[in-house]
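J.: Before anything else, here's the structure in question.
Every number here is computed from the coordinates shown, using simple stated rules; none is lab data. All of these numbers come straight from a predicted model, not from anything done at the bench. With ideal geometry, Cβ positions are generated from the backbone for all residues, glycine too; neighbour counts draw on all protein chains shown.
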Amino acid sequence: MAYQSEVIVDAQPQAMGTSYTFSSQGSWNSDLCDCCSDMGICLCGTFVPCILACRVSEQANECCCLPFLPGTLIALRTGVREKYHIEGSILEDWMVMSCCPLCGLCQLARELNQRN
């Protein structure tokens, strides 16, 4: 007769830990209402925002007619934020471009000027 040993399992298998590394996200180079950092952009955004919007669109490598379509400035802001890994969300982009579009446009212009 063969001897059989009994094995008692007293611990449950544990899941292997997986760590994910996310790239660090930065912030905008200027605040939303930081007009004093570039008065030229601020004046252009105040008096001829359509020209500034076309310029920002071209700097973001988009068509200069893009800002004339509804909602595209929100998408442009989101695209710039994603491209440069700037913290924020689509909801924040929508709030900025809906509540204070000229300040948001000027912030986009300053960001692209500093990044390009």
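J.: Need the full-extension length gain, Asn29 to Lys83, defined as separation in residues times 0.36 nm minus the C-alpha distance. One decimal, nm.
T.: Working: separation 54, 0.36 × 54 = 19.44 nm, distance 1.41 nm.
Going from the current span to full extension adds 18.0 nm.
J.: Right, here's the next one. Of the GluC sites (Glu not before Pro) in the stretch 19-116, which ones lie in a loop per DSSP and count no more than 15 other C-beta atoms within 10 Å? Walk me through the numbers before you get to the answer.
T.: Details: sites: Glu58, Glu62, Glu82, Glu87, Glu92, Glu111; in loops: Glu62, Glu87.
Passing sites in the stretch 19-116 are Glu87.
J.: Hey, got a sec? Which chymotrypsin sites (Phe, Trp or Tyr not before Pro) in the stretch 18-102 land in a DSSP loop and have at most 10 other Cβ atoms within 10 Å?
T.: Tyr20, Phe22
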